[in-house]
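K.L.:
Got a structure for you, questions after.
The values are calculated or read from the model by the stated rules, or taken from the named source; none is laboratory data. It should be emphasised that the depicted structure is a prediction, and the values quoted were computed from it without experimental measurement. So basically every Cβ, Gly included, is an ideal-geometry build from the backbone, and we count neighbours across all protein chains shown. Areas reflect the complete protein model, heavy atoms only, side chains present, ligands, DNA and RNA absent. Shrake-Rupley method; radii C 1.70, N 1.55, O 1.52, S 1.80 Å.
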Amino acid sequence: MLNKLRIVFWVVFIAAGVACINASFQYRYAAERQVFAQAAGGREEVQKIQENVIFFTERTLPARVPFHTALEDLGIDNPTAARIAASAQPVFDLRHLRAGNRLAVGRSVMGEFRAVRYRIDADRVLWIAPQGTDFHSEIQIIPSETETAGVGGEIKGSLFESVIDSGEKPELAMRMAEIFAYDLDFYTDPRPGDTFRVVVEKKKLSTGEVAAYGRILAAEYVNERHAYRAVLFHDSSGHAAYYTPEGKSMKKAFLHSPLKFAAPISSHFSTHRYHPILKEYRPHLGIDYAAPTGTPVQTIGDGRVVFAGRKGGAGNLIEIQHTNGYTTYYMHLSRILVRDGQHVAQGERIGLVGMTGLATGPHLDFRIQHSGQFLNFERLPLPTADPIAKRDWGEFAAARDRALAEMPSLTPQPSVAKNAPFPRVSN
């Protein structure tokens, strides 16, 4: 009996040992399988990173540098750069490359070429990538959001400095200056303590960067407690223009100055002025603006060029006929940029300041005539453009109220509208 018990004991003991050993092997095998699976997963992850992750080297496109040369400067060999350029040309005319835009070459973590990215503008990017033994080029839409946001601030220096201090780009200041250009000279009129408010569309990238400004829906500038306000409105014919909240056009028939940039007046309108060259007193029926040779000259209003050429003491002269019996004269130009019979738009560049004819130094002699009589432009009340038409008043009032309601007070609250992004997003 005792021997039987011993035999049973050893059988059970051996069976338990075998079971433990088997369990140990099963656990070790499962652990090894897990390690191998993790290693395989790791290899797949590394492979995905090598295939999909792109590191870009980006540069600003220099002026007068061909596309293939710019690619070579970014490390692409000459034959490959030439093939990339040939692939891009049917999709985007490389003659339209713009100096200052961003060009980038993307490579994998192993240094293999993956893509070329050229920023065309705020909305589009030229994307070129290998496809088999060749390259594929396409223009992609940059994913962005359009926000309608309020911006405001107080003038401490210039409008440009104050807009930048508020966190915005100088472009916004220039856009505001254009809106109020008929009422304010932002070189001389701003005063410390003036305020500005604007409701503007902002196109933002996924990174939060403001890629561009869209429409300015409403704007306000308070100059020495006098408020100037403007509202954007598209009339029934689709024409867009700015109006006061009362429906009067912000645009005047004439600009305040024939120069695109501020310049001092060296000689005023006079019926009895001593001529520095002829050494006699005679009428000076215009205004002399002292400006360097080459300064752009603009037409103060829409019209038709009736003379463009050389004429005696006036030197190079442009004569423009406007509506309502007005004619303007631009004298002593170094260069004429228009021709006889050409129609010109308000603010269009027509010539460059010079000192041709009877002139002691570079300047623009500007004159305005109405019904055969020369007028003092400094004292001339500028005629306004047409106000809101009666048929458009209801639509204008609704657009005005919506825009002014979004004017910022303290903290602007943006509303967001997304465009359709392209599927491939690269950092």
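K.L.:
Could you tell me the relative contact order of region 285-410? Use alpha-carbon pairs under 8 Å, at least six residues apart, and round to a whole percent.
P.N.:
So the answer I get is 28 percent.
K.L.:
For region 115-154, with equal point scatterers placed on the C-alpha atoms only and solvent neglected, what are the log10 I(q)/I(0) values from the Debye formula at q = 0.19, 0.30 1/Å, to two decimals?
P.N.:
-0.65, -0.98
K.L.:
Follow-up. Measuring from the lowest to the highest alpha carbon on each principal axis, how far does region 227-380 reach, largest first, in angstroms?
P.N.:
56, 33, 31
K.L.:
Something else now. If ligands, DNA and RNA are left out, what is the accessible area of residue 68 with a 1.4 Å probe, given in Å² to the nearest 10?
P.N.:
Counting only protein heavy atoms, residue 68 exposes about 70 Å² to solvent.
K.L.:
Right, another one. Bins of 10 Å, beginning at zero and ending with the bin holding the largest distance: percent of Cα pairs per bin for region 54-193, please.
P.N.:
The distribution over region 54-193 is 10, 32, 20, 18, 14, 5, 0, given as percents.
K.L.:
For residue 209, what accessible surface area do you get with a 1.4 Å probe? Give it in Å², rounded to 10.
P.N.:
Residue 209 exposes around 90 Å² with every protein chain in place.
K.L.:
Could I ask something else about it? Expressed as a whole percentage, what fraction of the accessible surface of region 178-231 belongs to carbon and sulfur atoms when a 1.4 Å probe is rolled over the protein heavy atoms?
P.N.:
44
K.L.:
Which value, in Å² rounded to 10, gives the accessible area of residue 339 with a 1.4 Å probe and all protein chains present?
P.N.:
Roughly 150 Å² of residue 339 is accessible to a 1.4 Å probe.
K.L.:
If R0 is 35 Å, what FRET efficiency do you get for residue 311 and residue 382 from their C-beta distance, rounded to 0.05? If you can, show how the numbers build up before the last one.
P.N.:
Values: r = 27 Å, r/R0 = 0.77.
The value I calculate is 0.85.
K.L.:
Here's another thing I want to ask about it. Give me the tail of P(r) for region 143-266 as a percent: Cα-Cα pairs with distance above 27 Å.
P.N.:
When all Cα pairs of region 143-266 are counted, 21 percent exceed 27 Å.
K.L.:
For region 51-124, what D do you get in µm² per second when you plug the Kirkwood radius from alpha-carbon pairs into Stokes-Einstein at 10 °C and 1.306 mPa s?
P.N.:
Working: Rh = 12.7 Å.
Rounded, D is 125 µm²/s.
K.L.:
Oh, and also: Distance cut-off 28 Å, Cα to Cα: go down the list 251/390; 251/311; 156/260; 169/390; 260/311; 169/260 and report the pairs above it.
P.N.:
In this structure, 251/311; 169/390 exceed 28 Å between Cα atoms.
K.L.:
Next question. Given N residues in region 297-353, what is Rg(Cα) / (2.2 N^0.38 Å)?
P.N.:
Normalised by 2.2 N^0.38 Å, the Cα Rg of region 297-353 equals 0.99.
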